Structure formats: structure tokens, C-alpha cells
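Input: a single structure, listed below in C-alpha cells.
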Amino acid sequence: MSRYRGQPDYRHDSTPTTGVLLNNLGTPVAPTTAAVRRYLAEFLWDPRVVEVPRPLWWLVLHGIILRTRPARSAAAYRKVWSDAGSPLLVNTLKQRDALQKLLPADVNVVVGMRYGQPSIASALAKLEELNCSRLLVLPLYPQYSATTTASTFDELAAQLQRMRKIPALHFVDSYHDNPAYINALANSIREHWDTRGRQVRLLFSYHGIPQRYRLAGDPYPCFCHKTTRLVVEQLGLADDEWGIAFQSRLGREEWLRPYTDEVLEQWAQSGTSDVDVVCPGFAADCLETLEEVGIQYRNLFVDKGGNTLSYIPALNYRDDHMRCLHDIVAAGLHGFGESPAADPQFTLERARSQGAPG
């Protein structure tokens, strides 16, 4: 049996289509210990995420982490889960629907998560059924990192290796300094200030990575700092009105500093009574923004003497964010060039004259 998947009923007069794959990290299928354990087992086994020798990491992962962490994470997920499901999946599907409305009818937008469902494999299978001949992949990670964007490329390549006919490919690796993205971030902050009031300081909080990844050449922290600088410039903030930090660290090794929880603790203890927190690295609200920042860090800030921590929502499916994503997609699709015009009936007849079945 061949290892390559194809379309046995392929027809030469079929009309080729273009696919856009929206990708994000992923989510458990339910806020239960068992579902979270399955999700974490897939996520944390990725060698791009945890760069530790596999035999040693297998023992740590299965002997310690997957025995203790799933129950705690499931409890956290239950705090932000809705009847519609995981906030990350709900928001990403709404992004898909909004982007689809902005694109031509012959462009099909699908969602494929790096871990969990819907998977990259299922998204590619759907596009294959639609006779996708050109594929643009947009990982919703504004700042490139090997732990996220490169991991998506690894899985994409692994799935494409199983296909007999692969589409022309455009892969978006970063948009950390895209002007429309910076404008959308600045707009979201201004609007939050207009409706909720402006706090004393603004903290930009990004997901962290181990410090040794940066030392090995991962450009992620540089991109985070550039995003922050551009937004700060557009908002006209003074140096003492903002800060940058990194959250969501795992394990005991050193991660990118400063840490979000430590910055908030220092600010609270030094007399900063009220802060806003924005998370520009997250294109859609999820566990890390809604529970970690919106609940854990808010409680920490108050416990250490602060008064108000106001979380500024992710860009999600805001109009200006969706126009930004549309522009990124449109530029990538333009790079494919014009689709070759063809008469389907002529193409079919010519193929049959040369011995093709259809």
C-alpha cells in the first residue's frame, strides 16, 4: 500500500481553489483532567517546545508532570470555559468566519491547531477535498519563535509528506512589526482606556521561553521588544509609564526575564496602585490571558498591595485586527501570481486524448 494519500477520483476539469490555514496552539477538547492530560502529552512531547533528550524527558513528563499538572490545569480551564467551548477555539473560529467574509469566494479559510482538534491534518484533508492547489499558512503567533511558528512548520511538513499532490505553499513566519498589527494593538489599548479608564502603568506581558533558547539563537524576545517599542511610540508613553515582562514559565530553569508575576509584585509593593496589562503575543484570548493574567495575576497584584489590575483583551476578531490579517493573507496570495485561466472542458478533453481517465 502506498504511503502517499491522493484523490483517486481526480478530474482534469476540476477547478483549483486556494486555501488559507489559520493556525494556533490548540486546546483540550474538554476542561477535564483526562482531556487535559491527552493535550499536554502531545504539547509537551514536542521537541521544539521542550529541548531535552527524549529518554530523560519521557521519564519526567510521564513520571511527574502528567501525574500532577492535568488536574490543576483542568481546574483553571473550567474557570474560563463557556458553553461554546474553549475560549481559544471559539475566538479562532470567529476569526476564521470574519476572515472568510473578507476574502474572495474561491478562497477557503480553515482552522488547524498545532495540538488537539481541529488538527492541521484534518484542515489539510478538508482543503484537499476542495481541490486546493495553493495554500497560505498563517500561524497566529505575531512574534516568531521556534517553539511555536517553527513547530507549526514541522507538523505542516510532516503532513504534506503524506500527500501525493502538494499545493503551492506560502508560509507566514511573523508579523510582529506589521503596521496594521501595531495600529490594532494601539487602538485596542486606547479604546480600553476610553471605556474602562487609564491606570497608572501599562505592562506588556508575553509568553516566555527558556533563556537558553534565546542564547541558542531564537529571535523571539527581540521581536517582542520591537512590538512593544512600536506600540509605546504610537501611544506616546513616557519611560515610567510602561514595562515589559514574560509569563507562563514551566520548570525550574531560567526563562526570559523579567517575569510578569515578579514585576507586578514589585510594582504593587513600590506604590503603583493601578495597572493595565496587555498581551500582544496572543492573537486570541485563551487560558494564559483570561485565567493566568485576568485571575491569577490580578489576585497576586491585589494581595501584594495593589488596587486594580485591568486586563486589556486580545485583538481576537476586532475589525481592525481582521483587516490586518486580511492584508497579510492578501499579500501572500498575490505572491502566487494569477491563477492560470483554462477552459475546463478543453482541459478534460485534452487529458482524455492523452490517455488520462478523467
- Length released on extending from Arg196 to Leu250, taking residue separation times 0.36 nm less the Cα-Cα span: 16.2 nm
- Task: Would you kindly find the accessible area of Ile166, with a 1.4 Å probe and non-protein molecules such as ligands, DNA and RNA excluded, rounding to the nearest 10 Å²?
- Result: 90 Å²
- Query: Give me the Kirkwood hydrodynamic radius of the stretch 1-137 in Å, from all C-alpha pairs, to one decimal place?
  - Reply: 17.2 Å
- 1.4 Å probe accessible area per residue over the chain, in Å²: 48 Å²
- Note on the structure: Expressed in angstrom and ordered largest first, the alpha-carbon extents of the stretch 137-274 along the principal axes are 62, 37, 22
- Task: Please arrange Leu300, Leu56, Leu99 by accessible surface area, largest first, computed with a 1.4 Å probe and ligands excluded.
- Result: Leu56, Leu300, Leu99
- Message: For a Förster distance of 56 Å, can you work out the FRET efficiency between the beta-carbons of Gln211 and Gln100, rounded to the nearest 0.05?
- Response: 0.90
- Query: For the chain, what is the calculated [θ] at 222 nm in deg cm²/dmol (nearest 500), taking -39500 (n - 2.57) for each run of four or more DSSP H residues and dividing by its residue count?
  - Reply: -13000 deg cm²/dmol
- Query: Say each of Ser273 and Asp46 gets a label point 7 Å from the Cα, pointing the same way as Cα to Cβ; how far apart are those two points in nm?
  - Reply: 4.3 nm
- How big is the stretch 154-234 on each of its three principal axes, counting only the C-alpha atoms and giving the largest first in Å? 56, 31, 19
- Message: Computing the accessible area with a 1.4 Å probe over protein heavy atoms, can you report the carbon and sulfur percentage for the chain?
- Response: 53 percent
- Item | For the stretch 39-97, the spread of Cα positions along each principal axis, largest first, Å | 41, 25, 10
- Item | For the stretch 82-201, alpha-carbon Rg and Dmax in angstrom | 17.0, 57
- Note on the structure: Tilt, helix 220-235 to longest principal axis of the chain (alpha-carbon atoms), in degrees rounded to tens, equals 70 degrees
- Averaged over every viewing direction, what's the projected area of the C-alpha convex hull for the stretch 204-308? Give it in nm², one decimal, please. 7.0 nm²
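Out of every Cα-Cα pair in the stretch 271-338, what percent are more than 18 Å apart?
52 percent
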- Please report, in debye to the nearest 20, how large the charge dipole of the chain is about its Cα centre when each Lys and Arg carries +1 at its beta carbon and each Asp and Glu carries -1 there. 1180 debye
- the chain: angle of helix 179-196 to the longest principal axis, Cα-based, in degrees nearest 10: 40 degrees
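Normalised radius of gyration for the chain, please: alpha carbon Rg relative to 2.2 N^0.38 Å, two decimal places.
Normalised by 2.2 N^0.38 Å, the Cα Rg of the chain equals 1.09.
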- Task: Identify which of Cys222, Cys279, Cys324 has the largest mean-square fluctuation in a Gaussian network model of the chain, with springs joining Cα atoms closer than 10 Å.
- Result: Cys222
- At Asp320 and Arg229, where each label point lies 7 Å from the Cα along Cα→Cβ, what is the point-to-point distance in nanometres? 2.2 nm
- Query: Pulled fully out, how much extra length does the chain show between Ala150 and Gln296, if you take 0.36 nm times their separation in residues and subtract their Cα-Cα distance?
  - Reply: 49.6 nm
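The values are calculated or read from the model by the stated rules, or taken from the named source; none is laboratory data. This is a predicted model, so every value here is computed, not measured. Every residue, glycine among them, receives a Cβ derived from its backbone with ideal geometry; neighbour counts consider all protein chains shown. For the accessible areas, the whole protein counts, side chains as well, though only heavy atoms, and no ligand, DNA or RNA atoms are used. Shrake-Rupley method; radii C 1.70, N 1.55, O 1.52, S 1.80 Å.
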